[in-house]
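Step one of this worksheet: look at the structure below.
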Amino acid sequence: MSQFEQLYRQVALGVAGNPVVEKIVSKQGWTLAQRFVAGETAEDAIRTIKQLQAEGIRDNLDVLGEFVSTPEPANANTEMVLATIDQVHAAGLVPYQSIKLSALGQGQLVTGPDGREQDLGDINARRVVARAKQYGGFLNLDMEDHTRVDETLRLFRELVQEFGNQHVGTVLQAYLHRTEADRRSLDDLQPNIRIVKGAYLEPEAAAMQSKGEIDAAYRRLVYKHLKAGNYCNVATHDHQIIYDVMHFALAHGIPKDQFEFQLLYGIREDLQRELAEAGYTVRSYIPFGKDWYGYYSRRIAERPKNALFVLRGLI
Ligand code: FDA
């Protein structure tokens, strides 16, 4: 990241956190957000899945929603995820979904069915992974800010042991200093991991700040994960990295069915189609729902051009 890009990202994420800005954009921004969000309902999302499938692109649904601090919305979010898994199955599709643990109650202690105190995020994540597995599907634990990594990886290990690595995956963020060690520590699970650069505003003590360093860390992680024989979701729009991963796989005899490319809905659609046509597995991350503001702000913070697009739209 250049100094300008770094500053832009800090300002954009900071401005997005301002309640007044949130109010204005939430009220007027839906038309603009639809570039990155597939609609408000599961029916909208299922229609999008079918359109993408016709182009040879797979799906990864995300019911939008972020941090909640009390059990009621956490349980309501969980019910939404469960209902979506059911609806996708009923539409004749295999559910593949992502969740944010903070939206399902991670960090909230409640009394579990056995009378012991338990993390509500754990209880709800088990419910959704069990439901996805019931239909032969897959559930991915997205990664949020660095304060949640320990808990997310602890739960991921437990879920893989209970449900199997073909039904649950998680994410590692290249920008965190700790990630190389985290990746190594998961090898015994032969885990299905999505590798991303990282989307949150993190302090220098936790994360690399320069684009060059992050890109180098990204390539190292993907190459090590593949060489260890694990399944890798290469989640980036960075075409240089994508082409480098293709060459690495060819040079090291890594088969095409050991990795896939994942991109966000609405971003680099040309590249998504090009990769699918070349015989690679491509999966589009498709968010839908009413709670789109947090997701949308991170997409804007990634690219100055996107902010101009928002400003023009609002004005
Ligand atoms: P980079 O930001 O360097 O961009 C490379 C090129 O891609 C740009 O030059 C531009 O052409 C294009 N591009 C990138 N962002 C764009 C945008 N918003 N609009 C238009 N063009 C854009 N993060 C996280 O912390 N936890 C998570 O769980 C996930 N999950 C996740 C799933 C999937 C499928 C993807 C693709 C990404 C995530 N991320 C994520 C987000 C990730 O951390 C990162 O912020 C974005 O992918 C942007 O980084 P790139 O790798 O695309 O590279």
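The values are calculated or read from the model by the stated rules, or taken from the named source; none is laboratory data. Remember, predicted model here, so these are calculated numbers, not experimental data. Because the Cβ atoms are built from the backbone with ideal geometry, glycine has one as well, and the counts that use them run over all protein chains shown. These accessible areas exclude ligands, DNA and RNA; they are computed on the full protein's heavy atoms, side chains included. Shrake-Rupley method; radii C 1.70, N 1.55, O 1.52, S 1.80 Å.
What FRET efficiency, computed as 1/(1 + (r/R0)^6) with R0 = 51 Å and r the Cβ-Cβ distance, is obtained for residue 34 and residue 257, rounded to the nearest 0.05? Could the numbers behind the result be given before it?
Numbers: r = 34 Å, r/R0 = 0.66.
After rounding, the FRET efficiency stands at 0.90.
Of 261, 248, which has the most accessible area and how do the rest follow, probe 1.4 Å?
Values: 261 0, 248 25 Å².
Largest to smallest exposure gives the sequence 248, 261.
Mean separation of Cα pairs under 8 Å and 6+ residues apart, divided by the residue count of the chain: what relative contact order is that in percent?
Details: 493 pairs, mean separation 78.2, N = 315.
Normalised by residue count, the contact order of the chain is 25 percent.
Taking the alpha-carbon centroid of each part, what is the distance from the range 59-133 to the range 196-218 in angstrom?
Rounded to whole Å, the Cα centres lie 28 Å apart.
If you rank 297, 210 by how much accessible surface each has, with a 1.4 Å probe, what is the order from largest down? Provide the component values of the computation, followed by the final result.
Numbers: 297 15, 210 45 Å².
Descending accessible area places them as 210, 297.
Residues of the range 121-144 with backbone nitrogen within less than 16 Å of a virtual label 7 Å along the Cα-to-Cβ line of residue 86, please, listed as ranges.
127-135
Which percentage, to the nearest 5, of the DSSP beta bridges contained in the range 38-291 is antiparallel? Walk me through the numbers before you get to the answer.
Values: 4 of 34 bridges.
The antiparallel fraction comes to roughly 10 percent.
For the full complex of protein chains and a 1.4 angstrom probe, list 303, 183, 219 by accessible area with the highest value first.
Values: 303 110, 183 10, 219 55 Å².
From most exposed to least exposed: 303, 219, 183.
Provide the convex hull volume over Cα atoms per residue for the range 46-156, in Å³. Don't skip to the answer; put the middle values down first.
Details: hull volume 12.1 nm³, N = 111.
Per residue, the Cα convex hull of the range 46-156 comes to 109 Å³.
Taking R0 as 30 Å, what FRET efficiency do you get between residue 184 and residue 110 from their Cβ-Cβ distance, rounded to the nearest 0.05?
Working: r = 33 Å, r/R0 = 1.11.
E between residue 184 and residue 110, to the nearest 0.05, is 0.35.
How much length is gained if the chain between residue 79 and residue 201 is pulled fully straight, taking 0.36 nm per residue apart and subtracting their Cα-Cα distance, in nm to one decimal?
Working: separation 122, 0.36 × 122 = 43.92 nm, distance 2.96 nm.
Full extension of this stretch gives 41.0 nm more.
Farthest toward the dipole's positive end in the range 38-291, which of 200, 105, 216, given Cβ charges of +1 (Lys, Arg) and -1 (Asp, Glu) about the Cα centre?
The listed residue farthest towards the positive side: 216.
Looking at the square roots a ≥ b ≥ c of the eigenvalues of the Cα gyration tensor of the range 161-315, which shape do they give, rounded for a/c under 1.5, prolate if a/b is larger than b/c, or oblate? Let's see the in-between values first.
Numbers: a/c = 1.62, a/b = 1.38, b/c = 1.17.
Verdict is prolate for the range 161-315.
Please work out the average accessible area per residue across the range 38-291, using the 1.4 Å probe convention, and give it in Å². Provide the component values of the computation, followed by the final result.
On the way: 10550 Å² over 254 residues.
Accessible area per residue, the range 38-291: 42 Å².
Before rounding to the nearest 500, sum -39500 (n - 2.57) across all DSSP H runs of length at least 4 in the chain and divide by the residue total; then give [θ] at 222 nm in deg cm²/dmol.
Numbers: 13 runs with 158 residues, N = 315.
Estimated from H runs of four or more residues: -15500 deg cm²/dmol.
What does the extension gain come out to for residue 150 and residue 240, with contour length at 0.36 nm per residue minus their alpha carbon separation?
Working: separation 90, 0.36 × 90 = 32.40 nm, distance 3.09 nm.
Difference between extended and current length: 29.3 nm.
Using 0.36 nm times the number of residues separating residue 270 and residue 126, minus their current alpha carbon distance, what extension gain do you get?
Details: separation 144, 0.36 × 144 = 51.84 nm, distance 3.65 nm.
Length difference between fully extended and current span is 48.2 nm.
For residue 45, what charge total do you get from the other residues with a beta carbon under 11 Å from its beta carbon, if Lys and Arg give +1 and Asp and Glu give -1? Walk me through the numbers on the way to the answer.
Numbers: positive: 47, 50; negative: 40, 43, 44, 59, 62.
Its environment carries a net charge of -3.
Tell me, what is the 1.4 Å probe accessible area of residue 221, in Å² to the nearest 10?
Residue 221 has an accessible surface of roughly 10 Å² with all protein chains in place.
Determine, from the Cβ-Cβ distance of residue 303 and residue 134 and an R0 of 41 Å, the FRET efficiency 1/(1 + (r/R0)^6), rounded to the nearest 0.05. Kindly include the intermediate steps, with their values, before the conclusion.
Values: r = 39 Å, r/R0 = 0.95.
Step by step, r from the Cβ atoms, then E = 0.60.
Excluding residue 227 itself, what net charge comes from residues whose Cβ is under 14 Å from its Cβ, given Lys and Arg +1 and Asp and Glu -1? Mind dumping the intermediate values first?
On the way: positive: 183, 184, 219, 220, 224; negative: 180, 187.
So the surrounding residues net to +3.
So if I place +1 on the C-beta of Lys and Arg and -1 on the C-beta of Asp and Glu, and nothing else carries charge, what would the dipole magnitude of the chain be about its Cα centre? I want it in debye, nearest 20. Walk me through the numbers before you get to the answer.
Working: 36 positive and 41 negative charges, 116 e Å.
Charge dipole, the chain, about its Cα centre: 560 debye, nearest 20.
Once both labels are modelled 7 Å past Cα along the beta-carbon direction, what's the residue 118-residue 224 spacing in nm?
Label-label distance for residue 118 and residue 224, simple model: 3.4 nm.
Please work out how much accessible surface residue 273 shows to a 1.4 Å probe, ignoring ligands, DNA and RNA, in Å² rounded to 10.
90
Around residue 283, with a cut-off of 9 angstrom between Cβ atoms, what is the net charge of the other residues, counting Lys and Arg +1 and Asp and Glu -1?
Overall, the nearby charge balance is -1.
In whole Å, largest first, what are the principal axis extents of the Cα atoms in the chain?
Largest to smallest, the principal-axis extents are 52, 52, 45 Å.
Just how much of residue 111 is accessible, in Å², when a 1.4 Å probe is used and the result is rounded to the nearest 10?
100
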